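Derivation of every value follows stated rules applied to the coordinates shown; laboratory data play no part. Worth saying up front: this structure is predicted, and the values here are computed from it rather than measured. Counting neighbours? That spans all protein chains shown, and the Cβs are built from the backbone with ideal geometry, glycine included.
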Amino acid sequence: MYFILYVSKATDQCSDAEIADILQASRTNNSANGVTGILVHKEPDFIQFLEGPEEVVMALYDKIKNDPRHGTIKTIDQGETKERIFPNWEMGFAGEGDLQPLQWKWDLDKLTLFSLADNMGDSMEVIRSFIGVRPLDKNAPGA
């Protein structure tokens, strides 16, 4: 099992409708390819955690790096993992409204591209905060 955690900034081409399209395609493709994870969006930043077979995860990440809807992509961490964090989520999604109940765990201002990229511990805390939270596997922007 392999994982990658990265941050990026949404470009002007990335509206809520585009994010919903990304999620729909991701859920279908990830299910077929054994990939799970979560996409967190706090305008204009994304943090995404992907896990699955290494070759599939790396090919997906290469595709994301070439996607014009993502800019300033920065890898926070990647490597082998013993077990999945989100085994039942082909692609969970958390928007700003989903972050509010978790605010006591971290200052929302930390969810910015450079602060997360510079502090892997905070980044993984953000990702792990979604374990046990309401199911986000069917969530989308505005939902």
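Under the convention that each Lys and Arg Cβ holds +1 and each Asp and Glu Cβ holds -1, the size of the dipole of region 1-85 around its Cα centre is about 40 debye. For the peptides 87-95, 73-81, 21-29, residues were scored by their other Cβ atoms within 10 Å and the scores averaged per peptide; the highest-first order is 87-95, 21-29, 73-81. Listed cross-link partners 9/63; 82/138; 42/82; 9/82 are compared with a 22 Å cut-off, the Cα-Cα value being larger for 82/138; 42/82; 9/82. A full extension of the chain between residue 29 and residue 12 corresponds to an added length of 3.6 nm, given 0.36 nm per residue minus the alpha carbon distance.
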